[in-house]
1. Hey, among B:Ala164, B:Ala174, B:Ala235, which residue is within 25 Å of B:Phe63 (Cβ to Cβ), crowded, with 24+ Cβ neighbours inside 10 Å and either among the hydrophobic types (A, V, I, L, M, F, W, C) or out of contact with any strand residue (DSSP E or B) (no Cβ under 9 Å at 6 or more places or on another chain) (or both)?
2. Which is within 13 Å of another protein chain (Cβ to nearest Cβ), in contact with a helix residue (DSSP H, G or I) (Cβ under 7 Å, 6 or more places away or on another chain) and not hydrophobic (A, V, I, L, M, F, W, C), of A:Gly329, A:Gly260, A:Gly291?
3. How many of the residues making up the range B:1-52 are free of Cβ contacts under 8 Å to residues at least 12 places away in the same chain and either buried (at least 23 other Cβ atoms within 10 Å of the Cβ) or not in a loop (DSSP other than H, G, I, E, B) (or both)?
4. Just give me the residues in the range A:309-324 being within 11 Å of chain B (Cβ to nearest Cβ) and surrounded by fewer than 22 Cβ atoms within 10 Å (Cβ to Cβ), in sequence order.
5. Give the number of residues within the range B:59-92 that are of a type in the set (Gly, Ala, Ser), over 28 Å from B:Pro320 (Cα atoms) and touching a helix residue (DSSP H, G or I) at 6+ places or on another chain (Cβ under 7 Å).
6. Is it the case that A:Val306 is more than 12 Å from chain B (Cβ to nearest Cβ) and closer than 30 Å to B:Leu59 by Cβ?
7. When the range B:255-274 is examined, which residues are found to be out of contact with any Leu (no Cβ under 7 Å at 6 or more places or on another chain) and farther than 22 Å from A:Pro263 by Cβ?
8. Within the range A:211-232, track down each residue that is within 14 Å of chain B (Cβ to nearest Cβ), assigned to a loop (DSSP other than H, G, I, E, B) and either modelled with pLDDT under 95 or surrounded by 23 or more Cβ atoms within 10 Å (Cβ to Cβ) (or both).
Number of protein chains: 2
Amino acid sequence: MKKLINSVDTIVTDTLHGVAAAHPSLRVDIENRVIYRRDAPRQGKVGLVSGGGAGHEPLHGGFVGYGMLDAACPGEVFTSPVPDQMIEASKGVDGGAGVLHIVKNYTGDVLNFEMAAELCADEGIEVASVLVNDDVAVQDSLYTAGRRGTGATLFVEKIAGALAETGAPLAEVARLAQEVNERSRSFGVALSAGTVPAAGKPTFDLSDTEIELGIGIHGEPGRTRSTHREAREIARLAMDAINDDVPLSGDTLVLLNGMGGTPLLELYIVYAEVAAYLEEKGATAVRRLVGNYVTSLDMQGFSVSVCRLTDELTRLWDAPVETPGLRWGR
Amino acid sequence: MKKLINSVDTIVTDTLHGVAAAHPSLRVDIENRVIYRRDAPRQGKVGLVSGGGAGHEPLHGGFVGYGMLDAACPGEVFTSPVPDQMIEASKGVDGGAGVLHIVKNYTGDVLNFEMAAELCADEGIEVASVLVNDDVAVQDSLYTAGRRGTGATLFVEKIAGALAETGAPLAEVARLAQEVNERSRSFGVALSAGTVPAAGKPTFDLSDTEIELGIGIHGEPGRTRSTHREAREIARLAMDAINDDVPLSGDTLVLLNGMGGTPLLELYIVYAEVAAYLEEKGATAVRRLVGNYVTSLDMQGFSVSVCRLTDELTRLWDAPVETPGLRWGR
């Protein structure tokens, strides 16, 4: 294994030093492992907190800033952050209007965020939670009861973040976050596994002719192994899985997401097929992202996430955002 | 080899279809292989054209848009575009104020852009050219007489693009582009090679304990092979190479660039060391980018580029830009 690290034991701390040095718009509490937007807490604004294992960058720390998250807390690589981090983050962003926890559906994350929410309540901080579970690949999996949370997390963070910026109350922000999750579906495909530094070898093996359909963002097994084939066919298999779950129609927001090790060139080739597929179904990608947003270390492959938009969701998606990973309008 | 492609022969065309579908702010001429900003040509504005082999995305097509390039033309993977593409692009962006060609210093690119410039002149289009040659690793290399052009290309495109947006004349935009190149230096390191689809295997082999110092963006050999080591040491080797060439001081713009296959997590770890190195030397990174900007397919590794800023360059760097790969201020 060759990695650009100093030591397996200091990966998260070293990363946070880099994030702090690179982004003066953020305030990084390295000791407590929390990334805040510089001006947190904002009085009267609902605070948005997310977190999860490291290794999925720019998720979540790269989405902290105006119009999106107020704080994010990273765990060790592919490991949930601990409740103490979540409590610290919640306190740090609470401006009196309460805090929304955005939680990807993995058992460790769910348990820890639940515990944190209870302890926050004990300290007088009002917390609501939204569970993201957009991955249609499998019902249960290695680290999950129910569907996994993947690419739609970005949609939830952006759209709920835009609503929170308007001064909307906690219940409304939580309701909208839930709606975004419900309207979103994802499916991922791996060509090769990522390597967790502490393990020192790829999380699974695929031969030169195999792909994994329905892969999870920690390399959890998907639906099936299959034969490698043209991008066109692979894209269709992914879109079929989504369309079989909820038929696609109308205006959609599409994320064609790289898993970390796939060239952007290839992501565009897949995106062309996704756009063609949507058109066939009478749906339209009216907003789109193509790039590495919810990664799995250096895994090769992609995931596609689709959110069926409403006028309100489109307007909030278009609202200004200023984070390291997503920026427009300012 | 597993790639997300339909066929080795249709990679560039298929990519352009994806770019066209993903970015309505661009106009993609798929037949002639040119990516334009939607509103080109802009009357009275100098047009900026760049281009180069595919496989370095988001360079160059991802930097087409307001405040940066007016057009980009991609060649086949790691292969120069042909003069016809460059002429077509130049005609398409000429708003009467002339056209600047931004050329990375590789023999094929240089010859083809020279030929294109002559043919443009014959047709009455005024063309100036700037040669980017920021890579301090080697004096000559596989595809280059003189230093190679790498990460500073982004600096030149952004800063010259901002000046062009103000209505500055061609000679002034060309002079500034030249100044940005002269003030910039880069150095790259590979942990593993990328795979060119037509070749079907990695462009070179590195053992599990080796790295290549001074790697080029096409996998050209660098200065030396060395032993893999801590990110801290590798970052220092890269920064030493730059600092030995031109001592670092004052305000700098830093690009910590991923080669395409390296997790963002690792890039931040390297960036922390780069920032510390600059501070030691009494220099400051006042503007910074960390991410995949000038890639080499799925190569694992990074390059670091440093531009010694002036007040004018900082102001133009900060000016609004709206492209798929770089966006702020609008």
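The values are calculated or read from the model by the stated rules, or taken from the named source; none is laboratory data. All figures in this text were calculated on a predicted structure; none of them were measured in a lab. Every residue, glycine as well, gets a Cβ built from its backbone with ideal geometry; the counts of neighbours run over all protein chains shown.
1. Of B:Ala164, B:Ala174, B:Ala235, the one residue that is within 25 Å of B:Phe63 (Cβ to Cβ), crowded, with 24+ Cβ neighbours inside 10 Å and either among the hydrophobic types (A, V, I, L, M, F, W, C) or out of contact with any strand residue (DSSP E or B) (no Cβ under 9 Å at 6 or more places or on another chain) (or both) is B:Ala164.
2. Result: A:Gly291 is the single residue among A:Gly329, A:Gly260, A:Gly291 that is within 13 Å of another protein chain (Cβ to nearest Cβ), in contact with a helix residue (DSSP H, G or I) (Cβ under 7 Å, 6 or more places away or on another chain) and not hydrophobic (A, V, I, L, M, F, W, C).
3. Residues that pass the stated criteria total 7.
4. Correct list: A:Pro320, A:Glu322.
5. First pass over the range B:59-92, keeping only residues of a type in the set (Gly, Ala, Ser): B:61-62, B:65, B:67, B:71-72, B:75, B:80, B:89-90, B:92.
Next, from what is left, pick out any that are over 28 Å from B:Pro320 (Cα atoms): B:75, B:80.
This time we only want the ones that are touching a helix residue (DSSP H, G or I) at 6+ places or on another chain (Cβ under 7 Å), so: B:80.
Looking only at that region, the number is 1.
6. yes
7. B:Ala272, B:Glu273
8. A:Ile215, A:Ile217, A:His218, A:Gly219 - these are the residues of the range A:211-232 that are within 14 Å of chain B (Cβ to nearest Cβ), assigned to a loop (DSSP other than H, G, I, E, B) and either modelled with pLDDT under 95 or surrounded by 23 or more Cβ atoms within 10 Å (Cβ to Cβ) (or both).
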